[in-house]
1. Arrange the following residues from fewest to most other Cβ atoms within 10 Å of their Cβ: C264, C78.
2. Determine the sum of side-chain charges near K13: Lys and Arg each +1, Asp and Glu each -1, restricted to other residues whose C-beta is under 12 angstrom from that of K13.
3. What number, rounded to the nearest 500 deg cm²/dmol, is the helix-based mean residue ellipticity at 222 nm of the chain, given -39500 (n - 2.57) per DSSP H run of at least four residues and division by all its residues?
4. Just want to confirm a number: the relative contact order over the chain, from Cα pairs under 8 angstrom separated by 6+ residues, in percent.
5. Report the one residue of Y161, Y137, M249 whose Cα lies farthest in the direction of the positive end of the charge dipole of the chain (charges on C-beta: Lys and Arg +1, Asp and Glu -1; origin at the Cα centre).
6. Taking loop as defined by DSSP and a crowding limit of 11 other beta carbons within 10 Å, which chymotrypsin sites (Phe, Trp or Tyr not before Pro) in the range 230-311 fit?
7. When a footprinting reagent is the concern and you count Cβ atoms within 10 Å, what order do V129, V54 take, fewest first?
8. Rounded to the nearest 10 degrees, what's the angle between the helix 137-149 long axis and the longest principal axis of the chain, both from Cα atoms, 0 to 90?
Amino acid sequence: MDFEHILQLAIEKCDGKYVEELARNFYILYPFTTENIDGYIKKFHLKDKSLLTVGSSFDQVLNAALFDCKDITLLDICPFTKYYAYLKMASLLELNRDEFFRFLRYKNYPKTFKDNPLLYNKEDYQKIVKTLCLLDYESYLFWDELLQNYEPKTIRNELFYSYEEDKQRVMETINPYLRIDYNYEETKKKIKKVKLEIIQADLFKVRLTRSFDTIWLSNIGTHLMHHDKIMEMIEKMSVYLNENGKMLMSYLYNTDEAYRTKYCPIYDFRVTFEELKEYNPELISFIGMHSIVFNDDRTKDSILVYEKKKC
Ligand SMILES: C[S@@+](CC[C@H](N)C(=O)[O-])C[C@H]1O[C@@H](n2cnc3c(N)ncnc32)[C@H](O)[C@@H]1O
């Protein structure tokens with residue numbers, strides 16, 4: 001998809017039109033991750049290795065950079081991913097941690113049940129715009145066009161998935177790069193040294209020209225309505241995994257038996273483990289999003305991991 005076409009889609013959406021192409025494909029940005037990345041990131045050896053990750057929020061990339069990953073490819077189906085990635089990166093580079101939240105947070109910020117009136121405010125935008133332009137000229141054109149013509153909240157409501165953004169405490173718990181000023185400043189230094197590539201594509205159709213030490217497929221697996229489709233995704237992506245590499249096949253919410261979501265096939269563990277047996281799936285569990293939000297220890301989230309052993 002070329003730049004003019006993507007910008008046109010964004011403009012029509014911000015004009016309040018029904019944009020079939022966006023609706024049909026569920027092309028939507030996630031402002032921040034919805035996964036407990038802190039729960040799983042240390043299970044992967046990222047230092048000086050390569051990573052292929054999904055995630056339009058760019059948070060997987062920034063957290064991996066903090067853990068010294070130096071070669072990251074972001075692959076996402078959402079056509080706005082690249083432009084949001086560079087907006088977030090320029091914000092990180094030019095703003096302090098408080099300003100970063102003030103500029104990019106919307107729901108439940110700075111107080112629960114309130115919307116942030118300073119979302120994409122002009123003063124902070126002026127601080128980041130030069131860097132944005134240098135990082136990626138199309139991203140600069142994209143945000144300049146939108147911010148000149150639409151209210152920040154219109155842009156947020158139209159181009160982003162509208163959910164109750166996590167509270168500050170939750171966001172800082174699940175994202176190591178946002179936890180404390182030190183981590184934030186370290187990420188600033190480290191992201192500059194990352195070899196970054198951003199690809200807009202459907203992972204079921206994409207043809208990549210290289211392979212990776214780590215692959216993260218987010219929770220796409222929980223959206224697939226047949227085990228055949230889950231298998232198709234894993235078969236396709238495992239080709240791009242290096243020997244001794246690890247693939248996060250799916251992030252899974254609420255995996256304890258008592259709380260396990262039953263509405264999508266991947267949560268039927270008997271079938272999932274049987275189907276995936278050639279990948280020796282390992283289930284790694286950690287404190288779940290629900291428990292972090294409600295400050296209890298009742299629920300766990302998990303990741304399903306495939307380790308590609310050397311033949
Ligand atoms: C399932 S969503 C949920 C958000 C996720 N939990 C996170 O924290 O980023 C994960 C991401 O997968 C992307 N996605 C969904 N289907 C895809 C596909 N077939 N190919 C590439 N990306 C896809 C979405 O655009 C989204 O950014």
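Bear in mind these aren't lab numbers, they're just calculated from the coordinates by the rules spelled out. Since we're looking at a predicted model, the values are computed, not measured. Counting neighbours? That spans all protein chains shown, and the Cβs are built from the backbone with ideal geometry, glycine included.
1. Lowest count first: C264, C78.
2. Numbers: positive: K17, R156; negative: E12, D15, E20, E21, E158.
Taking every other residue near K13 into account, the sum is -3.
3. -12000 deg cm²/dmol
4. 20
5. Selected residue: M249.
6. Sites meeting the loop and neighbour criteria: Y263.
7. Values: V129 17, V54 21.
With the fewest neighbours first, V129, V54 line up as V129, V54.
8. So the helix axis and the longest Cα principal axis differ by about 60 degrees.
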